[in-house]
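Take a look at this one; I'll ask things after.
The values are calculated or read from the model by the stated rules, or taken from the named source; none is laboratory data. All of these numbers come straight from a predicted model, not from anything done at the bench. Cβ coordinates were reconstructed from backbone atoms using ideal geometry, including for glycine residues, and neighbour counts include every protein chain displayed. For the accessible areas, the whole protein counts, side chains as well, though only heavy atoms, and no ligand, DNA or RNA atoms are used. Shrake-Rupley method; radii C 1.70, N 1.55, O 1.52, S 1.80 Å.
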Amino acid sequence: MAQENLVIEMRNITKQFGEFKANDNINLQLRKGEIHALLGENGAGKSTLMNILSGLLEPTSGDILLNGKKVSINGPTAANRLGIGMVHQHFMLVDAFTVTENIVLGSEITNLGVLNHKKARAEIEELSQRYGLDVNPDAYICDISVGMQQRVEILKTLYRGADILIFDEPTAVLTPQEIDELIEIMHGLIKEGKSIILITHKLDEIKKVADRCTVIRRGKSIDTVNVKDVSSQELADMMVGRSVSFKTEKKPADPQEVILSVDNIVVKESRGLEAVKGLSFEVRAGEVLGIAGIDGNGQTELVQALTGLRKVESGKIIIDDEDMTNQRPRKITELGVGHVPEDRHKYGLVLEMSLSENIALQTYYKEPMSKRGILDYGEMNDHARDLIKEYDVRTVNELVPAKALSGGNQQKAIIAREIDRNPELLIVSQPTRGLDVGAIEYIHQRLIEQRNRHKAVLIISFELDEILNVSDRIAVLHAGEIVGIVDPKETSENELGLMMAGYSLEEARRELANQKVGEPVE
């Protein structure tokens, strides 16, 4: 490929934090009009590299070339000036503002200090139509879907003149249908002459959309390959450095007695509106019930109600034949409930405390962790070392603060703590959010082990491949209600996606049947 077709060259990029090299002599080349995937394990250095390109960090050494000329990117404003824009995983939008107001924020068109709303709106409408983004400029952010919010984020970068777009885990909270729409949008951007770097853990998406892929492992670039020439398995093995299994091996479930019974519960969200609306379901010993749904459909409130962290307005929660409705969290955990929360930093760990102290958080007040109210640090540290070894938590030792671990190792530590208590019911929210295939494989195996030991497991996940892989039954949640419960062997991502969007099971099956009837005959 001719040198002049390169829009970005990152040459021998090294970024050191003290003695630690997050990026070690990495090279990356982005061609004009290509979608280039960046793949690597948690902690491999992908985000650091893209933070350097988008101006959030400066490299310790190495050069960045834009269209063959060396440039200095000393901040996000400089990156914007050079035509580099980042579409963040967590949207940076103001709910109470309109689409137009969000897009122009910080880059307002003004007449003598007054916002020229009409001109800004016209420009956004033109951009929206040109790139097939189909966004209403007058809609309020709080009133549009997650997929539409992402389109607003894309429009923000285009409005600022970006020719190089960095997408950071863009499909984390989208339905399968929205993912297909996003892929179409990305192809449309490429046709208009844009170039895209895609950070993702999802190998099937790389196969669908990317032209080339650079694999990073432990801070070093391993290889850059043409995506059409490699399989998903080969990409995964390059990323992790060993053979990885995508499918969790499991024998058929053997459901027994009911451990969790949820009867017609109503739970309100923080603004006082009903987030969970008359929900009923059961989880039995020896099965995994997966709850699928788009983020914001009552999952958070449901889990907080089950674990005593949020008030139940009406209805009952029965755990192991005991009424646990609105009981204190400690009473619920002592009854035999393990909880892996959706936000590991906010609810799963005390980041400043040591790994040893975090592993003891549920048991520190009992023997042998403490005697007569005095903590036994020797016992705590011995126990932590045992779990670190058993669960392959990669750390220097048990005394480092939890914040020093990568996301995958933080998650393993939480799962080790909760499973070690041998709970009858394990509630796991977003078990592998943002984790690489190696960590995902390990955590799924551990969850199936619990089910095989006749424990009840409830998984809440936005990842449909995860729900389909691990669950024995799948309940689909939409707007705080269950729209259907299906067998993973008898459903598909498309069917689940329609149900997540509000279709009943019958309506989803009818819609898919109609689509097949309308397909052209080969």
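I'd like the full set of residues that are part of a loop (DSSP other than H, G, I, E, B), open to solvent by 60 Å² or more (accessible area, probe 1.4 Å) and touching a strand residue (DSSP E or B) at 6+ places or on another chain (Cβ under 7 Å), limited to the range 322-352.
Asn326, Glu352
So, one more: Give Leu49, Leu82, Leu93, Leu66 a once-over and let me know the one that is under 20 Å from Pro170 (Cα atoms) and at pLDDT 90 or above.
Values: Leu82 fails: under 20 Å from Pro170 (Cα atoms); Leu93 fails: at pLDDT 90 or above; Leu66 fails: under 20 Å from Pro170 (Cα atoms).
Going through Leu49, Leu82, Leu93, Leu66 in turn, just one is under 20 Å from Pro170 (Cα atoms) and at pLDDT 90 or above: Leu49.
Conditions tested, residue by residue: (1) modelled with pLDDT under 90; (2) surrounded by fewer than 21 Cβ atoms within 10 Å (Cβ to Cβ); (3) in a strand (DSSP E or B).
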residue: Arg433; (1), (2), (3): yes, yes, no
residue: Tyr442; (1), (2), (3): yes, yes, no
residue: Gln450; (1), (2), (3): no, no, no
residue: Ile459; (1), (2), (3): no, no, yes
residue: Leu468; (1), (2), (3): no, yes, no
residue: Val476; (1), (2), (3): no, no, yes
residue: Lys489; (1), (2), (3): no, yes, no
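Does Asp134 qualify as being in a loop (DSSP other than H, G, I, E, B), open to solvent by 10 Å² or more (accessible area, probe 1.4 Å), in contact with a helix residue (DSSP H, G or I) (Cβ under 8 Å, 6 or more places away or on another chain) and free of Cβ contacts under 8 Å to residues at least 40 places away in the same chain? Talk me through it step by step, then tell me what you get.
Values: in a loop (DSSP other than H, G, I, E, B): yes; open to solvent by 10 Å² or more (accessible area, probe 1.4 Å): yes; in contact with a helix residue (DSSP H, G or I) (Cβ under 8 Å, 6 or more places away or on another chain): yes; free of Cβ contacts under 8 Å to residues at least 40 places away in the same chain: yes.
Judged against the criteria, Asp134 is a match.
Say whether the condition of being farther than 19 Å from Asp436 by Cβ, open to solvent by 10 Å² or more (accessible area, probe 1.4 Å) and at pLDDT 90 or above is met by at least one residue in the range 149-164.
yes
Would you call Glu205 at pLDDT below 90 and surrounded by 14 or more Cβ atoms within 10 Å (Cβ to Cβ)? Before you say what the answer is, go through the steps one by one.
Numbers: at pLDDT below 90: yes; surrounded by 14 or more Cβ atoms within 10 Å (Cβ to Cβ): yes.
It is true that Glu205 is at pLDDT below 90 and surrounded by 14 or more Cβ atoms within 10 Å (Cβ to Cβ).
Restricting to the range 208-259, what's the tally of residues that are among the polar types (S, T, N, Q), in contact (Cβ under 8 Å) with a residue 60 or more places away in the chain and open to solvent by 50 Å² or more (accessible area, probe 1.4 Å)?
Residues of the range 208-259 that are among the polar types (S, T, N, Q), as a first pass: 214, 221, 224, 226, 231-233, 243, 245, 248, 256.
Next cut, in contact (Cβ under 8 Å) with a residue 60 or more places away in the chain only: 214, 221, 224, 245, 248, 256.
Now narrow it down to the ones that are open to solvent by 50 Å² or more (accessible area, probe 1.4 Å): 224, 245, 256.
Total meeting the criteria: 3.
If you don't mind, there's one more thing I want to ask. Cys142: open to solvent by less than 10 Å² (accessible area, probe 1.4 Å) and at pLDDT 85 or above, yes or no?
Values: open to solvent by less than 10 Å² (accessible area, probe 1.4 Å): no; at pLDDT 85 or above: yes.
No, not satisfied.
Something else about it: Just give me the residues in the range 375-396 being hydroxyl-bearing (Ser, Thr, Tyr), open to solvent by less than 70 Å² (accessible area, probe 1.4 Å) and within 15 Å of Met353 (Cα to Cα), in sequence order. Break it down into steps so the answer makes sense when it comes.
Of all residues in the range 375-396, those hydroxyl-bearing (Ser, Thr, Tyr) come to 377, 391, 395.
Pick out the ones that are also open to solvent by less than 70 Å² (accessible area, probe 1.4 Å) and you get 391, 395.
Result: Thr395, single match.
Could you check how many residues of the range 397-429 are open to solvent by less than 10 Å² (accessible area, probe 1.4 Å) and either in a loop (DSSP other than H, G, I, E, B) or more than 15 Å from Met353 (Cβ to Cβ) (or both)?
Qualifying residue count, the range 397-429: 11.
Suppose we filter the range 263-300 for residues that are of a type in the set (Gly, Ala, Ser) and touching a His at 6+ places or on another chain (Cβ under 7 Å); how many remain? Break it down into steps so the answer makes sense when it comes.
Filtering the range 263-300 for residues of a type in the set (Gly, Ala, Ser) gives 270, 272, 275, 278, 280, 285-286, 290, 292-293, 296, 298.
The next check asks that each one be touching a His at 6+ places or on another chain (Cβ under 7 Å); those that pass are 285-286, 293.
Within the range 263-300, residues that are of a type in the set (Gly, Ala, Ser) and touching a His at 6+ places or on another chain (Cβ under 7 Å) number 3.
On to the next question. Taking the range 262-320 only, how many residues are in a strand (DSSP E or B), open to solvent by 10 Å² or more (accessible area, probe 1.4 Å), within 26 Å of His444 (Cβ to Cβ) and without any contact (Cβ under 8 Å) to a residue 60 or more places away in the chain? If you could, list the steps in order and put the result at the bottom.
At the first step, the residues of the range 262-320 found to be in a strand (DSSP E or B) are 262-268, 274-284, 287-292, 312-319.
Subsequent filtering for residues that are open to solvent by 10 Å² or more (accessible area, probe 1.4 Å) retains 263-264, 266, 268, 274-275, 277-278, 280-282, 284, 313-316, 318.
Then keep just the ones that are within 26 Å of His444 (Cβ to Cβ); that gives 281-282, 284.
Narrowing the set further to residues that are without any contact (Cβ under 8 Å) to a residue 60 or more places away in the chain leaves 282.
The total comes to 1.
Working only within the range 461-507, note down all residues that are of a type in the set (A, V, I, L, M, F, W, C) and within 18 Å of Glu181 (Cβ to Cβ).
Of all residues in the range 461-507, those of a type in the set (A, V, I, L, M, F, W, C) come to 462, 464, 467-468, 470, 474-477, 479, 482-483, 485-486, 496, 498-501, 505.
The answer is Phe462, Leu464, Leu496, Leu498, Met499, Met500, Ala501.
Quick check, is Ala22 open to solvent by less than 50 Å² (accessible area, probe 1.4 Å) and either touching a residue at least 40 places away in the same chain (Cβ under 8 Å) or under 30 Å from Asp237 (Cα atoms) (or both)? Walk me through how you get there before you give the answer.
Working: open to solvent by less than 50 Å² (accessible area, probe 1.4 Å): yes; either touching a residue at least 40 places away in the same chain (Cβ under 8 Å) or under 30 Å from Asp237 (Cα atoms) (or both): yes.
Yes, satisfied.
Okay, residues lined up against (1) within 22 Å of His88 (Cα to Cα); (2) open to solvent by 60 Å² or more (accessible area, probe 1.4 Å); (3) in contact (Cβ under 8 Å) with a residue 24 or more places away in the chain:
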| position | (1), (2), (3) |
| --- | --- |
| Ile8 | yes, no, yes |
| Gly18 | no, yes, no |
| Gln29 | yes, yes, yes |
| Ala37 | yes, no, yes |
| Glu41 | yes, no, yes |
| Leu56 | yes, yes, no |
| Pro59 | yes, no, yes |
| Gly62 | no, no, yes |
| Asn67 | no, yes, yes |
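Ala37 - would you say it is touching a helix residue (DSSP H, G or I) at 6+ places or on another chain (Cβ under 6 Å), at pLDDT 90 or above and of a type outside the set (Ser, Thr, Tyr)? First the steps, then the outcome.
Details: touching a helix residue (DSSP H, G or I) at 6+ places or on another chain (Cβ under 6 Å): yes; at pLDDT 90 or above: yes; of a type outside the set (Ser, Thr, Tyr): yes.
Considered against the rule, which asks whether it is touching a helix residue (DSSP H, G or I) at 6+ places or on another chain (Cβ under 6 Å), at pLDDT 90 or above and of a type outside the set (Ser, Thr, Tyr), Ala37 comes out as yes.
Given the conditions (1) outside any strand (DSSP E or B); (2) over 21 Å from the mean Cα position of the chain (by Cα), report the number of the one that Thr14 does not fulfil.
Result: Thr14 passes all but (1).
Name, by its number, the condition in (1) open to solvent by 70 Å² or more (accessible area, probe 1.4 Å); (2) part of a helix (DSSP H, G or I) that does not hold for Tyr365.
Single failed check for Tyr365: (2).
Among the candidates Glu126, Glu192, single out the residue that is surrounded by fewer than 18 Cβ atoms within 10 Å (Cβ to Cβ) and more than 26 Å from Ala96 (Cα to Cα). Even if it seems obvious, please write down each step before you answer.
On the way: Glu126 fails: more than 26 Å from Ala96 (Cα to Cα).
When all the criteria are applied, what remains is Glu192.
Now a separate question. Given Phe97, Phe91, which one is over 14 Å from Ile199 (Cβ atoms), touching an Asp or Glu at 6+ places or on another chain (Cβ under 6 Å), open to solvent by 10 Å² or more (accessible area, probe 1.4 Å) and not basic (Lys, Arg)? Before you say what the answer is, go through the steps one by one.
Values: Phe97 fails: touching an Asp or Glu at 6+ places or on another chain (Cβ under 6 Å).
After ruling out the rest, the residue left standing is Phe91.
Which one of the conditions (1) under 24 Å from the mean Cα position of the chain (by Cα); (2) within 30 Å of Leu235 (Cβ to Cβ) does Glu192 fail to meet, given that it meets all the rest?
(1)
I need the full set of residues from the range 52-79 which are among the β-branched types (Val, Ile, Thr) and either out of contact with any strand residue (DSSP E or B) (no Cβ under 8 Å at 6 or more places or on another chain) or within 18 Å of Ile166 (Cβ to Cβ) (or both), in order please. Outline the logic, then answer.
Keep residues of the range 52-79 that are among the β-branched types (Val, Ile, Thr), which gives 52, 60, 64, 71, 73, 77.
Across the range 52-79, the qualifying residues are Ile52, Ile64, Val71, Ile73, Thr77.
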